[in-house]
Amino acid sequence: MSPGIIIVNELTLLGAPITDNAFVKVFKDKLDQLKLLFGRLTNLDNYQIAYYLLRNCLSIPKLVFLLRTSPTWNNIDLIEEMDNCIKSTLETITNSTLLQDQWILASLPVRSGGLGVRRVRDLALPAFLSSVNGVSSMVSIMLHLPTLTIDEISGYMDGINAWQELNPDSSHPERPQLQKQWDTIQIDRLFNELRFDNDEEVARILAIRKPESGAWLNVLPSRNLGTLLENNSFRIIIGLRLGVDICTPHLCRCGSMVTSKGRHGLKCKKSAGRGPRHSDLNNTIKRTLTTVDIPAKLEPPGLFREDGKRVDGISLIPWHKGQTLVWDATCTDTFAPSNLRYSTRAAGKAADDKAKRKESKYRTLIDRNYHFVPFSVETMGPWCEDAIKFVEELGKMIELKTNDPRSKTFLKQRISMAIQKGNAAAVMGCFEPSDSMEEVFYL
């Protein structure tokens, strides 16, 4: 006890609530502030910018200090209210309805296949338990109690008990002071609880967990950089990633039925998007080669593969051991019936299969001592092994040239964005064309 010190009901210290009443007050104040911010966020003209701000600036980033200093998991009702508010805002931004499994998936980090818009309930325990482990030695020094154990710190054992109830089969992290290690255990549990109905869903989940599949989500939305998506394109791309309904079932212009998932356009030969995506991928490779002082040319005349078609691109100087670089880009549909036997087995296997087919088509050029790179990718984001190695090598060259360690990341984001833009155009290309009402503006 501390004689002469009166503990008031709503005591806070440096913004951290000390008593239960103080926590309720601080949390409700935070909730009111975020509701105001969320309301303004949904009024933004561009969905992608709103998503970027929600994920990186608002929601959890505004709550980290509170989560690390308070046993927030004891107040389930307040946490649920906050999570429902975040979910509602995300649904408004993406113009979609998220079922429970889809909301859980969206709340996972991008590296785990989600959107990175985290739930408070998933971070409450990892944040607090890691924080206590990180400051326990300092608490002992400040209180002049060399025999103080971490179990004696207020709320820690309650947190451990709550953690064991949620994760009974998991052990404690090797470095418990790191929040990421606690969070990883929580993420794995949440992911394992998800259920997938069919092969297409299995292929989707495997694909979106590849690092290159979510690279586009980390781009800075900018019209000048060409990374700003139109609202409908952003909604479609998010819908494909989460597996939500993105359109009303209808007939494609090719005569096939398009389901509410809208995936038919990804493989329809009459749909738009395939050509622009192919050009965007090749232009990105060419411009990157030029950046590292390797001049290149697209569709060079006089250089053909076995079926008589021209290659996509060639370097004008040697690339490796005196060999001239030749590449051919292609994007195969992850959900195509012919690819499901590969994409349900492991992410990127369908792209690897296409890469092998490309190598056989270019066998005559390979035999003529050309260095051939089959740049094969999938609609849901994964790349073939050859493409990954090529971009890694090219990325290192850009880093040396520009002295910017982020150059390789930017290159991956650009390629990932090109794939997703093509997906959006392909889905939109399945709708029947209709006349616009531009004439009303000339009345």
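The values are calculated or read from the model by the stated rules, or taken from the named source; none is laboratory data. Computed from a predicted model, the values in this text were never measured in an experiment. Cβ coordinates were reconstructed from backbone atoms using ideal geometry, including for glycine residues, and neighbour counts include every protein chain displayed. In case anyone asks, the SASA skips ligands and DNA or RNA and just uses the protein heavy atoms, side chains included. Shrake-Rupley method; radii C 1.70, N 1.55, O 1.52, S 1.80 Å.
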Margin query: Could you tell me the extents of segment 288-443's C-alpha atoms along the three principal axes, largest first, rounded to whole Å?
Written below: 64, 40, 35
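May I ask you to derive the FRET efficiency for LYS35 and ILE141 from their Cβ-Cβ distance with R0 = 41 Å, giving the value to the nearest 0.05?
Efficiency computed from Cβ-Cβ geometry: 0.50.
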Next item on the list: Identify the GluC sites (Glu not before Pro) of segment 1-104 meeting these criteria: DSSP loop state and at most 14 other C-beta atoms within 10 Å of the C-beta.
Entry: GLU10
Check: For segment 61-135, with only Lys/Arg (+1) and Asp/Glu (-1) charged at the beta-carbon, what is the dipole magnitude about the Cα centre, in debye rounded to 20?
Finding: 320
Next item on the list: Any chance you could run the full-extension gain for HIS320 through THR12? It's 0.36 nm times the residue separation minus the Cα-Cα distance, nm to one decimal.
Entry: 104.5 nm
Notebook entry, point to check: Where q = 0.21, 0.23 Å⁻¹, what log10 of I(q)/I(0) comes from the Debye formula for segment 289-368, counting one point per Cα?
Noted result: -0.98, -1.05
Notebook entry, point to check: For the chain, with every protein chain kept in place, what is the accessible area per residue (1.4 Å probe, Å²)?
Noted result: 51
Checklist line | Carbon + sulfur, % of accessible area of segment 1-85 - ligands and nucleic acids excluded, 1.4 Å | finding: 56
Next item on the list: Please sort by residue number the GluC sites (Glu not before Pro) in segment 352-408 whose DSSP state is loop and whose Cβ has at most 14 other Cβ atoms within 10 Å.
Entry: none
Note to self: At q = 0.10, 0.12, 0.16 Å⁻¹, what log₁₀ I(q)/I(0) does segment 12-125 have when each alpha carbon counts as one equal point scatterer in the Debye sum?
What the structure shows: -0.29, -0.41, -0.73
Check: Could you give the nm distance between label points at PHE65 and ARG357, where each point is 7 Å from its Cα heading toward the beta carbon?
Finding: 5.6
Next item on the list: Report relative contact order for segment 1-118 in percent, whole number only (criteria: Cα-Cα under 8 Å, sequence separation at least 6).
Entry: 20
Item checked: Pairs beyond 30 Å (Cα-Cα), from LYS210/LYS261; LYS87/LYS349; LYS35/LYS421; LYS30/LYS210 -> LYS87/LYS349; LYS35/LYS421; LYS30/LYS210
Item checked: Candidates ARG119, ARG368, ARG414, ranked by Gaussian network fluctuation over the chain, Cα under 10 Å, top entry -> ARG368
Item checked: Kirkwood-type radius of segment 385-436, with distances r between different C-alpha atoms, in Å -> 13.1
Next item on the list: Please tell me the relative contact order of the chain in percent, rounded to the nearest whole number, where contacts are Cα pairs under 8 Å and at least six residues apart.
Entry: 14
Item checked: Student exercise, the chain dipole from Lys, Arg, Asp, Glu Cβ charges, in Debye to nearest 20 -> 1780
Next item on the list: Please find, in a Gaussian network model of the chain (springs between Cα atoms separated by less than 10 Å), the residue of THR147, THR94, THR69 whose mean-square fluctuation is greatest.
Entry: THR147
Checklist line | Distance from segment 83-158 to segment 179-251 (C-alpha centre basis), Å | finding: 21
Margin query: Can you tell me, using C-alpha contacts under 8 Å and at least 6 residues apart, the relative contact order of segment 297-349 as a whole percent?
Written below: 22
Check: Which helices of the chain meet both criteria: a Cα extent of 24 Å or more along the helical axis and a mean Kyte-Doolittle score no lower than 0.5, with helices taken as whole DSSP H segments?
Finding: 120-142
Next item on the list: Find the eigenvalues of the gyration tensor of the Cα atoms of the chain, then list the square roots of 5 times those eigenvalues as equivalent ellipsoid semi-axes, largest first, in whole angstrom.
Entry: 48, 27, 20
Checklist line | Radius of gyration and maximum dimension Dmax of segment 351-394, Cα, Å | finding: 10.9, 34
